[in-house]
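Down below is the structure, laid out as structure tokens.
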Amino acid sequence: MIAHHFTIDLEEYFQVSAFASRVARCDWERFESRVNREVGRLLELLAQHNARATFFVLGWVAQRQAGLIRAIVRAGHEIASHGWDHARVTDQTRSQFRQSVRRTKDVLEDMTGVSVLGFRAPSFSIVPGREWALDILVEEGYRYDSSLFPVRRPGGSYGYPGGWPDPHWLARGIGPLAEIPPTTLRWCGLRLPAGGGAYFRLLPYGLVRTALRQCERRGVPGTFYIHPWELDPAQPRLRVSWLTRVRHYGGLRRTAQRLDRLLADFRFIAVRDTVAALSAVGPAVKHVPPVQSAVA
Ligand SMILES: [Zn+2]
């Protein structure tokens, strides 16, 4: 039985990229923190199903929630980096990106005593032309990235068309970096996003289930992602456009129930387990062998 990756982008409900034009970073302190209760619910669900997960944590949140981060580690999950303040890579200079990933890694490692191996860019914003970010990750001591979403999106705010859809090594001259892309669905010759988030809440459950079954037929782990605020129907509503409202607030009441079903239907592990398996076979191998029965 293949074990898939359960991943969480740990950020507050008001830090979502789609709200950036409404909520200035300098105002973040004025909003109520809700992440403790939301993550508590996630930890309960994961424990009920004996699943392990990777939490990509925003440095800004970690600095204010040390107890929560340590509780996640104590529960046996992996802590990885989501950058400092949710700036998209497309809005950063190389120097700003380096400072963000370095500071976040330092804070998380000081807090937990565990090495941070992984990174996921806010809004999957490592797009074609921003590959320098991957080199900086290698230089800053990261072992894997989970930002290249192998889909073509209108507007190009995220998506890495042509990216390999399964875990693999990136051929960067500077050193090896494993890439763990979010899961996509192969359908009628197209590759569609199906790895979690709004696709999980708004579309039929079968979409994510079929995408993960396709991964199993290929013999590789899939990568599911969710945000703590997606389990929080009572979060304060921000005034946003109709489309953002649907994407962000639609289906919040069904998230917990669907997660319960997903965790019953599949086995889940942290990304670091797959990266360890990748490292064991060496960077020259493009495909990763699945990690089987990694959860006792
Ligand atoms: Zn995020």
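Just so it is clear, none of the values below were taken in a lab; they were calculated from the coordinates. Note that the structure is a prediction, hence the values are computed from the model and not measured. Positions of Cβ are generated from backbone atoms using ideal geometry, with glycine treated the same way; all protein chains shown enter the neighbour counts.
A few remarks follow.
- Taking other Cβ atoms within 10 Å as a rough exposure proxy, LEU46, LEU243 sort from fewest to most as LEU243, LEU46.
- Interchain or long-range residues, amide H under 5 Å from LEU177's placed H: LEU170, ARG172
- Under 5 Å, built H, 5+ apart or other chain: amide partners of VAL57: LEU10, ALA80, SER81, HIS82
- Phi-derived couplings, Karplus 6.51 cos²θ - 1.76 cosθ + 1.60 at θ = phi - 60°, listed residue by residue for the range 232-248: 10, x, 8, 4, x, 8, 9, 7, 9, 5, 4, 5, 5, 4, 4, 5, 8 Hz, with x used for Gly and Pro.
- Converting phi to 3J(HN,Hα) with the Karplus coefficients 6.51, -1.76 and 1.60 and the offset θ = phi - 60°, the range 258-264 yields 5, 4, 4, 5, 4, 5, 7 Hz in sequence order, with x at every glycine or proline.
- Take the Cα of ARG245, step 7 Å toward its Cβ, do the same at ARG37, and the gap between the two points is 2.3 nm.
- Per-residue extension of 0.36 nm, minus the Cα-Cα distance of ARG153 and CYS188, leaves a gain of 10.9 nm for this segment.
- In terms of other Cβ atoms within 10 Å, PHE119, PHE97, PHE19 run from fewest to most in the order PHE19, PHE97, PHE119.
- Gyration tensor verdict on the range 3-281 (Cα atoms; rounded if a/c is under 1.5, prolate if a/b is larger than b/c, oblate otherwise): rounded
- Computed over the chain, the per-residue total of -39500 (n - 2.57) for DSSP H runs of n ≥ 4 gives a 222 nm mean residue ellipticity of -10500 deg cm²/dmol, rounded to 500.
- Under-5 Å amide H pairs with TYR225, H placed in peptide plane, nonlocal only: THR7, GLY196, GLY197
- Relative contact order computed over the range 3-281 (Cα-Cα under 8 Å; 6+ residues apart), in percent: 23 percent
- For the range 265-277, the Karplus equation 6.51 cos²θ - 1.76 cosθ + 1.60, evaluated at θ = phi - 60°, returns couplings of 7, 9, 9, 10, 9, 7, 4, 4, 5, 5, 5, 5, 5 Hz by residue, with Gly and Pro reported as x.
- Ranked by the mean number of other Cβ atoms within 10 Å of their residues, highest first, the peptides 126-138, 53-65 come out as 53-65, 126-138.
- Protection proxy ranking for 2-9, 262-269, 193-200, 224-231, using the average of other Cβ atoms within 10 Å per residue and placing the highest first: 2-9, 224-231, 193-200, 262-269.
- Modelled FRET efficiency - R0 22 Å, ALA18 with LEU203, Cβ distances, 0.05 increments: 0.75
- Dividing the mean sequence gap of close Cα pairs (under 8 Å, 6+ apart) by how many residues the range 102-189 holds gives a relative contact order of 26 percent.
- Judged by the mean number of other Cβ atoms found within 10 Å, the most tightly packed of the peptides 100-109, 26-35, 86-95 leads the ranking 100-109, 86-95, 26-35.
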